[in-house]
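*Asks:* Dumping the structure here so I can ask a few things about it.
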Ligand code: GAF
């Protein structure tokens, strides 16, 4: 994150709130390399932080007011009384930052009001964790402003609690853990049960590779019930199998488990178990210095999300198929699905051709042109000014 971004939100802060902020913090969006819909099953994932981030300038207030202004939110400044924050009481984007302040207070932490000005380069609704970036930027800023000294997983849990209980989205913890725990040049091997993390070196340039993000521009909304239904299906399956979570089922136990389950739960369970195994295989390939071997795992993971989990859509399927046909080593949807973005692992010299082939396929199918970003493994949430 550049000094420019910190300077720009300082200027915005001065214009909206007057005076200077006490600090500037940034929290990134993410792509998940592999390990999708595993986090709420206590399983494994391998996300990496993007350079795109929420940047936020803040200053404590002594009168218990939380004044929130977003460069993306129009002219209005939301003004909330911290003591009155309650699930359901805040509408629109402000429920994410307000929810984090509420979640910190729910943990018994003595936090009060603040003036906040924020700006985001994470595209909203693109499956790149724009809401987790917003929550985590507020969490690290409050941690700094109010001297909370919280460990990174605690910040992630508070941010997830805000999203679950305050914003009403039953997400797992992957996006928040990615936003606070990732480090530059690495992917994050996450155990969603213990919240243990391992930094996995992820340098593609030295191998002549690049990772493209193709945003289909189909906007998803995880609060719309489909995500919650999938999560409930997984929890029901684990209950029927007598397991704490689907994480506790492995490939060896899969055939007998599938035979014991009602038909509608079979594909969900198959996806989760095979996806956890794909995370293991991906981590092993990276450890062996073979990032190109991620390609087939990505495409296999996409097929599982499409055919078993049912969370892809026509546009993400088309982006994957067109990218692979144009020479990508592998591609898959990333994030919750129902739209959003596709990642494609490509040889550096073929990046433009792959992006062009996907754009052409979209035009031929009558879809809006996808936006293309490059996924560069970037640092997690931190103070930047
Ligand atoms: C969304 C959720 F927020 C995550 O917790 C995770 O479940 C993901 O979908 C699917 O892997 O991003």
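Every read-out reported here was derived from the displayed coordinates using simple, explicitly stated rules and does not represent laboratory data. Just so we're clear, the structure is a prediction, and the values are computed from it rather than from any experiment. Cβ: placed from backbone, ideal geometry, glycine included. Neighbour counts: every protein chain shown.
*Asks:* How many nm separate the modelled label positions at residue 89 and residue 4, each set 7 Å beyond the Cα in the direction of the Cβ?
*Replies:* A separation of 4.1 nm, rounded to one decimal place.
*Asks:* Could you compute Rg(Cα) / (2.2 N^0.38 Å) for the chain, with N its residue count?
*Replies:* On the way: Rg = 20.6 Å, N = 385, 2.2 N^0.38 = 21.1 Å.
With N residues counted in the chain, Rg over 2.2 N^0.38 Å equals 0.97.
*Asks:* Under the 0.36 nm per residue contour assumption, what length would be gained going from the current alpha-carbon distance of residue 314 and residue 60 to full extension? Write down the numbers at each step before the final one.
*Replies:* Values: separation 254, 0.36 × 254 = 91.44 nm, distance 4.65 nm.
Contour length minus the Cα-Cα distance gives 86.8 nm.
*Asks:* For residue 260 and residue 110, calculate 0.36 nm times their separation in residues minus their Cα-Cα distance, and state this gained length in nm to one decimal. Walk me through the intermediate numbers first.
*Replies:* Values: separation 150, 0.36 × 150 = 54.00 nm, distance 4.94 nm.
Result: 49.1 nm gained on full extension.
*Asks:* While we're on this one: What FRET efficiency comes out for residue 194 versus residue 236 if R0 is 30 angstrom and r is the Cβ-Cβ distance? Round to the nearest 0.05.
*Replies:* Numbers: r = 24 Å, r/R0 = 0.79.
Efficiency for this residue pair is about 0.80.
*Asks:* Can you give me the distance in nm between label points at residue 81 and residue 368, each placed 7 Å from the Cα along the Cα-to-Cβ direction?
*Replies:* Reported label-point gap for residue 81 and residue 368 is 4.0 nm.
*Asks:* Could you work out how far apart the two model spin labels at residue 22 and residue 325 are, taking each label as a point 7 Å from the Cα in the direction of the beta carbon, and quote it in nm?
*Replies:* Each label point is offset 7 Å from its Cα along the Cβ direction, giving 5.6 nm.
*Asks:* Another question, then. Beta carbons within 10 angstrom, averaged per residue: use that to sort the peptides 345-354, 270-279, highest first. Walk me through the intermediate numbers first.
*Replies:* Working: 345-354: 18.1, 270-279: 22.4.
Answer by packing, highest mean first, reads 270-279, 345-354.
*Asks:* Does anyone have the angle between helix 152-161 and the longest principal axis of the chain? Alpha-carbon axes, 0 to 90°, nearest 10?
*Replies:* 90 degrees
*Asks:* Counting alpha carbon pairs within less than 8 Å and at least 6 residues apart, what relative contact order, in whole percent, applies to segment 18-64?
*Replies:* Values: 63 pairs, mean separation 22.9, N = 47.
Reported relative contact order: 49 percent.
*Asks:* Below 8 Å, C-alpha to C-alpha, sequence gap of six or more: please give me the relative contact order for segment 202-374 in percent. Working shown, then result.
*Replies:* Working: 268 pairs, mean separation 58.2, N = 173.
So the answer I get is 34 percent.
*Asks:* In addition: Semi-axes of the equivalent ellipsoid for segment 202-374, please: Cα gyration tensor eigenvalues, times 5, square-rooted, ordered largest first, whole Å.
*Replies:* 30, 21, 12
*Asks:* In addition: By per-residue mean of other Cβ atoms within 10 Å, what is the highest-first order of 155-163, 172-180? Walk me through the numbers before you get to the answer.
*Replies:* Details: 155-163: 26.9, 172-180: 30.0.
Put in order of decreasing packing, that is 172-180, 155-163.
*Asks:* What ranking, highest mean first, results for peptides 35-45, 182-192 when packing means the other Cβ atoms within 10 Å averaged over each residue? It would help to have the intermediate numbers written out before the result.
*Replies:* On the way: 35-45: 26.1, 182-192: 21.6.
The peptides rank, most packed first, as 35-45, 182-192.
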